[in-house]
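Below is one structure, written out as structure tokens, with a few remarks after it.
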Amino acid sequence: MDRVAIKPELLRWACERAGYAVADLEHRFPRLTAWVSNEAQPTLKQVEAFAKATYTPIGYLFLQEPPVEKVPIPDFRTMDNEHVGHPSPDLLDTIYVCQQRQGWYRDYARSMGEKPLPFVRSVSLRDDIISTAARIRAALGFDVNARRLMPTWTDALRHFIEQADGLGILVMCNGVVHNNNHRHLDPKEFRGFAMADQLAPLVFINGADTKAAQMFTLAHELAHIWIGESAVSDAQPALVPEQAVERWSNRVAAELLVPLAALREEYNAAAELKAEAGRLARYFKVSTLVILCRLHDSGGLSREKFRKAYEEELERLQAIPKGSGGNFYLTQAARVSKRFAAALVASTLEGQTLYRDAFRMLGFSKVTTFHELGRTLGVGV
């Protein structure tokens, strides 16, 4: 049986890259320790299986040394205000498939004679935060009072996504890589990203995050689209990033979701802070953390009182058991954007796009599933 020479450091790198220790994979590859110690060599079939198990492009395993992988768009993620390195295969694969979808839709839009979207790159960091948020709100038809009447954060988020998608932005919300329910996206690694483009602007939201957090992520990434800056970020309301565009986007997102004028009108300063923050969070359909930040911005909380309340609320939220995450809107269309899915189905049925390519971008392989997706979108044979 033919064996292949794989450098041990590449096997160790592939394990670490996927978040595994060597011992974690020994039940699937009993000789893995021997391969890593260079006491034995795997067969080509075993290398292929190992690559699949660690989500590693198989060609990487034949390199002389581990490659340095970089996020293909500007990376503004931080943890405790320090830059986050070593992107996971989950993040990389999510960005790669979104790039493929964006490239396809850009070509499609061009073939359909669509004009560049005027709001992309329509503002700058010098523009006023309140007026910029008002412009975005007007373009989306984003009504704070209408959102207040929605019963749940899920309803508000669904409506927010539909507003952005209807404006021409490809909004994709998913809690897993592609359709692989064994590869869950980690909100601690990233909450979302924006890929600015005048024909095919794209926003991805980590659907494993809470609905309230997803509201802020979407608002933050929309600010990136308006300023025309692609980036992957962890969009946190209280974070003060070192990058000017991230600070600006956080401020625009906060004003978009919770206008200071509306907050001041609604805020009851005489009420107990925790209860009032919860009430306002339900009113504006955002997280209590966003409310605390906006109360501080409005002058309703001193810096010291804000920090104490924020830390206590963050600790409370982190102690809440996490659900499965991302299940509110996980139709296939929501995972890839209704706008993108409808265009891709129509193009494929017309013979302009190969079924093979459509299935690759959608993440499934059954014709019946494809036709059912078309029917749900009002596009079918």
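The values are calculated or read from the model by the stated rules, or taken from the named source; none is laboratory data. Note that the structure is a prediction, hence the values are computed from the model and not measured. With ideal geometry, Cβ positions are generated from the backbone for all residues, glycine too; neighbour counts draw on all protein chains shown. We work out accessible area using only protein heavy atoms, side chains counted, and drop any ligands, DNA or RNA first. Shrake-Rupley method; radii C 1.70, N 1.55, O 1.52, S 1.80 Å.
Restricting the search to segment 285-307, which residues are in a helix (DSSP H, G or I) and within 20 Å of Ile320 (Cβ to Cβ)?
Passing the criteria: Thr288, Leu289, Val290, Ile291, Leu292, Cys293.
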*asked:* Pull out all pairs, ordered by first then second residue, where Cβ-Cβ is under 6 Å, the residues are six or more apart or on different chains, the first lies in segment 338-363 and is in contact (Cβ under 8 Å) with a residue 24 or more places away in the chain and basic (Lys, Arg), and the second is surrounded by 19 or more Cβ atoms within 10 Å (Cβ to Cβ) and assigned to a helix (DSSP H, G or I).
replied: Lys338/Asp165; Arg339/Asp165
*Considering only segment 263-272, how many residues are assigned to a helix (DSSP H, G or I) and open to solvent by 30 Å² or more (accessible area, probe 1.4 Å)?*
3
*Only residues that are among the charged types (D, E, K, R) and more than 14 Å from Thr210 (Cβ to Cβ): list them for segment 176-197, please.*
Arg183, Glu189, Asp197
*asked:* Quick test for you: out of Ala275, Ala281, pick the one residue that is exposed (fewer than 14 other Cβ atoms within 10 Å of the Cβ) and among the small types (Gly, Ala, Ser).
replied: Ala275
*Do we have any residue at all in segment 29-45 that's under 30 Å from Gln99 (Cβ atoms), under 27 Å from the mean Cα position of the chain (by Cα), open to solvent by 20 Å² or more (accessible area, probe 1.4 Å) and without any contact (Cβ under 8 Å) to a residue 60 or more places away in the chain?*
no
*asked:* If the requirement is being farther than 26 Å from Phe359 by Cα, at pLDDT 95 or above and either touching a Cys at 6+ places or on another chain (Cβ under 9 Å) or part of a loop (DSSP other than H, G, I, E, B) (or both), which of these qualifies: Leu256, Leu218?
replied: Leu218
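Grab the strands (runs of 3 or more DSSP E) fully contained in segment 80-195, keeping just those with 1 or more residues being surrounded by fewer than 18 Cβ atoms within 10 Å (Cβ to Cβ). Working first, answer last.
Details: elements: 170-174, 180-184, 192-195.
Here the list reads 180-184.
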_Unique residue being more than 15 Å from the chain's Cα centre (by Cα) and closer than 23 Å to Ile130 by Cβ when the list is Val203, Val258_ = Val258
_Of all residues in segment 340-381 being in a helix (DSSP H, G or I) and of a type in the set (Phe, Trp, Tyr), the one that is surrounded by the fewest Cβ atoms within 10 Å (Cβ to Cβ)_ = Tyr355
